[in-house]
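Only the coordinates and a few stated rules stand behind these numbers; no lab work does. Keep in mind it's a predicted model, so treat the numbers as computed, not measured. Neighbour counts are summed over all protein chains in view; Cβ atoms, including those assigned to glycine, are modelled from backbone coordinates with ideal geometry.
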Amino acid sequence: MLVDYGTDTRLDHADPGQGLQFVDGEDCVGEGTADDDGCYRRAADKTVTSEFDVVTRGIVDAQNHTLLRHPTPLTPGKAYPITWSMLPQDYEFRAVTGWAWC
């Protein structure tokens, strides 16, 4: 998992609306027609304050670290270089200054 740590206000992805909520009012664009008045409900971000947010996930099958079609047993205690893809997700990280890697 790729995780954004630190208490912050973020989009509420746990909500079925995926961080979107409708608010009062509507906006109209251009001239309407008989089938479409050109007006749309206003929407805003639905947020929550949390200590972390899971940005995305990736899946790795460690026994198939060499070739996907041929399992290769892993030796306990031995380090292996393994790469994997993460699922695509649009996410905006807040800029942070004055910190160091742990």
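Residue by residue, segment 73-81 carries 3J(HN,Hα) couplings of x, 9, 9, x, x, 8, 7, 10, x Hz when phi is fed to the Karplus relation 6.51 cos²θ - 1.76 cosθ + 1.60 (θ = phi - 60°); x denotes Gly or Pro. Each Lys and Arg contributes +1 and each Asp and Glu -1, all at the Cβ; summed about the Cα centre of segment 1-85, the dipole is approximately 1000 debye. Rg and Dmax, both from the Cα atoms of the chain and both in Å, are 22.2, 70. Near V55, the amide H atoms lying under 5 Å from its own belong to L2, V3, D4; only residues 5 or more places off or on other chains count, and H is placed 1.01 Å from N. Between R94 and V60, the C-beta separation translates, for a Förster distance of 35 Å, into a calculated FRET efficiency of about 0.80. A DSSP coil position with no more than 12 other Cβ atoms inside 10 Å describes none of the chymotrypsin sites (Phe, Trp or Tyr not before Pro) in segment 4-80. Shown here for segment 1-97: GluC sites (Glu not before Pro) in loop regions (DSSP other than H, G, I, E, B) with at most 14 other Cβ atoms within 10 Å, namely E31, E92. Going by a ≥ b ≥ c, the root eigenvalues of the Cα gyration tensor, does segment 39-99 fall in the rounded group (a/c under 1.5), the prolate group (a/b larger than b/c) or the oblate group? Prolate, because a/c is 1.5 or more and a/b exceeds b/c.
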